[in-house]
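**Q** Handing you a structure now.
What follows draws every value from the coordinates through simple rules; no lab data is involved. The model shown is predicted, which means the values in this text are computed figures rather than measured ones. Here the Cβ positions follow ideal geometry from the backbone for every residue, glycine too, while neighbour counts run over all protein chains shown.
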Amino acid sequence: MNKPKYLYKTEDEFTIYEFVSEGPKGRIPKIVEYTETATKGVYNLAYGDYDEIKKTINDLSVTNNGDSLKVLATVASTVYAFLDKHPNAYIVATGSTNIRTRLYRMGITNNLAEIKEDFIVYGLSEKGTWDEFEIGEDYEAFLITKK
């Protein structure tokens, strides 16, 4: 995606990405982590503020640092990096709240033409089926893989 994003660092397996949000609330460490699910080759995307005390991701925090588009573009750039390293993987993502899931859907909708150049995107319908992503549909989760 050709949008401003933060630089991140990752480890050898390209499963953990660290970056820092910068804005009026200060410098806030963020983490994107890809963890393989019980289904081989399917990875869960977890994202949030890094809690330095607990050494965990806080996916419920609301930073309001004025850089949400840059943060989402950074998270999206990790999808590209992860799937470059793991080209046969599938990534499943859902928001920690319904509002966040809706924000992810809006982000996919707003960039769908560009995303579809490289990826196939599915949405989990209310019926429990994975359907190819369509603008205007409501989804409970998203599944992405390389073309």
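**Q** Cα-Cα over 31 Å: which of Lys30/Lys127; Lys3/Lys147; Lys25/Lys146?
**A** Long pairs (Cα-Cα over 31 Å): Lys30/Lys127; Lys25/Lys146.
**Q** On to the next question. Stokes-Einstein diffusion coefficient for segment 9-146 at 20 °C in a medium of 1.002 mPa s, Rh from the Kirkwood formula over Cα pairs: what value in µm²/s?
**A** For the chosen part, D equals 138 µm²/s.
**Q** Continuing with this model, one more query. Placing +1 on the Cβ of each Lys and Arg and -1 on the Cβ of each Asp and Glu in the chain, which of Ser125, Pro4, Asn88 has its Cα farthest towards the positive end of the resulting dipole?
**A** Result: Pro4, furthest along the dipole toward the positive end.
**Q** Taking other Cβ within 10 Å of each residue's Cβ, how do Lys5, Lys85, Lys40, Lys30 sort, fewest first?
**A** By the 10 Å Cβ count, ascending, the order reads Lys40, Lys85, Lys5, Lys30.
**Q** Taking the Cα centre of segment 9-146 as origin, work out the dipole magnitude from +1 charges on Lys and Arg Cβ and -1 charges on Asp and Glu Cβ, in debye rounded to 20.
**A** Using only the charged Cβ atoms, the result is roughly 300 debye.
**Q** For segment 9-22, what does the Karplus curve 6.51 cos²θ - 1.76 cosθ + 1.60, with θ = phi - 60°, yield as ³J(HN,Hα) per residue in whole Hz, taken in order and with x for Gly and Pro?
**A** Coupling constants for segment 9-22: 10, 9, 9, 4, 8, 6, 10, 10, 10, 10, 8, 10, 7, 10 Hz.
**Q** A follow-up question, please. Against the longest principal axis of the chain, how steep is helix 68-85, in degrees 0 to 90 to the nearest 10, with axes from Cα atoms?
**A** On a 0 to 90 degree scale, this one is about 60.
**Q** Also, quick follow-up: How far apart, in nm, are two points set 7 Å out from the Cα along the Cα-to-Cβ line at Asn111 and at Glu13?
**A** Rounded to a tenth, the inter-label distance reads 2.5 nm.
**Q** Starting with the highest mean, order 101-107, 77-83 by the number of other Cβ atoms within 10 Å, averaged over the residues of each peptide.
**A** 77-83, 101-107
**Q** Compute the long axis of helix 98-110 from its Cα atoms, compare it with the longest principal axis of the Cα atoms of the chain, and write down the angle in degrees, 0 to 90, nearest 10.
**A** 70 degrees
**Q** Now, a different point. For Val62, Val20, what ranking results if the residue with the fewest other Cβ atoms within 10 Å of its Cβ goes first?
**A** Result, fewest neighbours first: Val62, Val20.
**Q** Determine the relative contact order of the chain: mean sequence separation of Cα pairs under 8 Å and six or more apart, normalised by residue count, in whole percent.
**A** It rounds to 20 percent for the chain.
**Q** Another question, then. Can you list the residues of segment 85-108 with backbone N under 20 Å from a point 7 Å past the Cα of Glu126, pointing along Cα to Cβ?
**A** Correct set: 94-106.
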